[in-house]
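Just below is one structure, and these are the notes that go with it.
The values are calculated or read from the model by the stated rules, or taken from the named source; none is laboratory data. Because the structure is a prediction, the values reported are computed rather than measured. Reconstructed Cβ throughout: ideal geometry from the backbone, glycine too, with neighbour counts over all protein chains shown.
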Amino acid sequence: MTTSVEANNAVDLDQPYLHMQNLVKEFDGVRAVDDVSLTIKKGEIFALLGSSGCGKSTLLRMLAGFEAPTSGSISLAGQDLVGVPPYERPINMMFQSYALFPHLSVWDNVAFGLRREGLPKEEIAARVTQMLELVQLKAYGKRKPHQLSGGQQQRVALARSLAKRPQLLLLDEPLGALDKKLREQTQLELVRIIEQVGVTCVMVTHDQQEAMSMASQIAVMSEGRIVQIGKPADVYETPNCRFVADFIGSINLFQGRLVVNEADHVEIASPECLHHVGHGISGSLGMPVSVGIRPEKIIISAAPPEKSPAHAPNAVQGEIVNLAYLGGHTVYHIRLATGMVLHAAAGNIARHAAQPLKTGDAVLASWSDDAMVVLTQ
């Protein structure tokens, strides 16, 4: 189904659409948002990801017009938004609580904003029908919100937000009110609807999986600042600092010093082992660095006592001190001689292995030279 919103979105998708420049928001002299500049393309689903108090919700509220910037600029499709009241902005915001009117039917909830605009009855009916078809709730139009499941209420709130054909859709923890299983099921459905309409979307979330699953671009925030922007895979595979590496997913961080620095490889000596990394970095010999390795990139096998990896790069020996069976994979906690506990994840290909690894086993953990990321800050 092609909507009129899609027709309105027929512009150059590579051109900047939403632009924030040097945005600052202070509360009692404390900067909640600290000199943030962002450019978002039309049609993107852009996620602001960070822990509580990092400034992401304040940034979203400035886009919506609920908070005025202390300084800086915001423009949408070339229009300056600073000073424009929320009800005059071509923006709709969907809240975590959905904010549905309990005394109104699903149909009337979706129609509410259109009636406030004074649209003709025929146009309101056409848009509401279109939106309910889009979110696959046409048969539920006469029900009240309390007669719907959490996922259905979320889709009603989305339909209401899209009915006014906003140029920008803001989502504040859009799936936070759903349980884990329903949240995972709803993520892809929400993306399908947003992409089908073609609306540009900025979402706020503290859930890393939600951001990775839904967004085309992610901005990781900390203490009011943007610390990294990129595609989900890039942010996960090549974090630019220790904070991002540790915040996105699980990672093992080795502390060491740069001992070899060539154009095609570097070597980093840590108390646990020598790391041979298959790419060069900018830095000087002797400088302190961190080496990050994701658990799923570590290969573990039983290690005979006589086989020591002491002089082999990218390999350590240790003892399994704990393991967590998670259905599709198992996470092994391996204590090394230095006391560091290494996390390694292995897929459960066979339910009953011939000789399954267990707590107390000595194991050899190793990884390839392209499995690591070197962090200098």
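Computed quantities for the displayed model
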{"item": "Positions within the range 256-301 being among the basic types (Lys, Arg) and buried (at least 18 other Cβ atoms within 10 Å of the Cβ), in sequence order", "result": "294"}
{"item": "Residue among 135, 191, 197, 202 that alone is at pLDDT 90 or above and of a type in the set (A, V, I, L, M, F, W, C)", "result": "202"}
{"item": "Exclusive hit being touching a strand residue (DSSP E or B) at 6+ places or on another chain (Cβ under 8 Å), within 25 Å of residue 336 (Cα to Cα) and assigned by TED's automatic domain parsing to the domain that holds residue 55, set 272, 223, 267, 237", "result": "237"}
{"item": "Conditions (1) on the phi < 0 side of the Ramachandran plot; (2) modelled with pLDDT under 95; (3) not aliphatic (A, V, I, L, M): number failed by residue 252", "result": "(2)"}
{"item": "Subset of the range 21-59 [of a type in the set (A, V, I, L, M), outside any helix (DSSP H, G or I) and under 18 Å from residue 82 (Cα atoms)]", "result": "23, 24, 32, 33, 36, 38, 40"}
{"item": "Scope the range 348-377; condition buried (at least 17 other Cβ atoms within 10 Å of the Cβ) and in a strand (DSSP E or B); matching residues", "result": "363, 364, 365, 366, 372, 373, 374, 375"}
{"item": "The range 138-175, residues that are surrounded by fewer than 17 Cβ atoms within 10 Å (Cβ to Cβ) and either of a type in the set (Gly, Ala, Ser) or not assigned by TED's automatic domain parsing to the domain that holds residue 115 (or both)", "result": "139, 149, 150"}
{"item": "Residue that is surrounded by 21 or more Cβ atoms within 10 Å (Cβ to Cβ), assigned by TED's automatic domain parsing to the domain that holds residue 48 and under 30 Å from residue 332 (Cβ atoms), where the choices are 200, 205", "result": "205"}
{"item": "Unique residue being among the hydroxyl-bearing types (Ser, Thr, Tyr), in contact with a Gly (Cβ under 9 Å, 6 or more places away or on another chain) and either surrounded by fewer than 19 Cβ atoms within 10 Å (Cβ to Cβ) or modelled with pLDDT of 95 or more (or both) when the list is 75, 52, 105", "result": "105"}
{"item": "Residue check for residue 92: outside any loop (DSSP other than H, G, I, E, B), of a type in the set (S, T, N, Q) and under 20 Å from residue 201 (Cα atoms)", "result": "yes"}
{"item": "Output for the range 202-217, where each listed residue is touching a Lys or Arg at 6+ places or on another chain (Cβ under 8 Å) and either under 18 Å from residue 293 (Cβ atoms) or assigned to a helix (DSSP H, G or I) (or both)", "result": "210"}
{"item": "Meets criteria (at pLDDT 95 or above and either outside any strand (DSSP E or B) or on the phi < 0 side of the Ramachandran plot (or both)) for residue 13", "result": "no"}
{"item": "Meets criteria (in a helix (DSSP H, G or I), over 29 Å from residue 37 (Cα atoms), at pLDDT below 85 and in the same structural domain as residue 137 (by TED's automatic domain parsing)) for residue 185", "result": "yes"}
{"item": "Matching strands (runs of 3 or more DSSP E) fully within the range 218-282 where at least 3 residues are more than 27 Å from the chain's Cα centre (by Cα)", "result": "252-261, 266-269, 274-277"}
{"item": "Residues located in the range 159-182, provided they are assigned to a loop (DSSP other than H, G, I, E, B) and over 18 Å from residue 98 (Cβ atoms)", "result": "165, 167"}
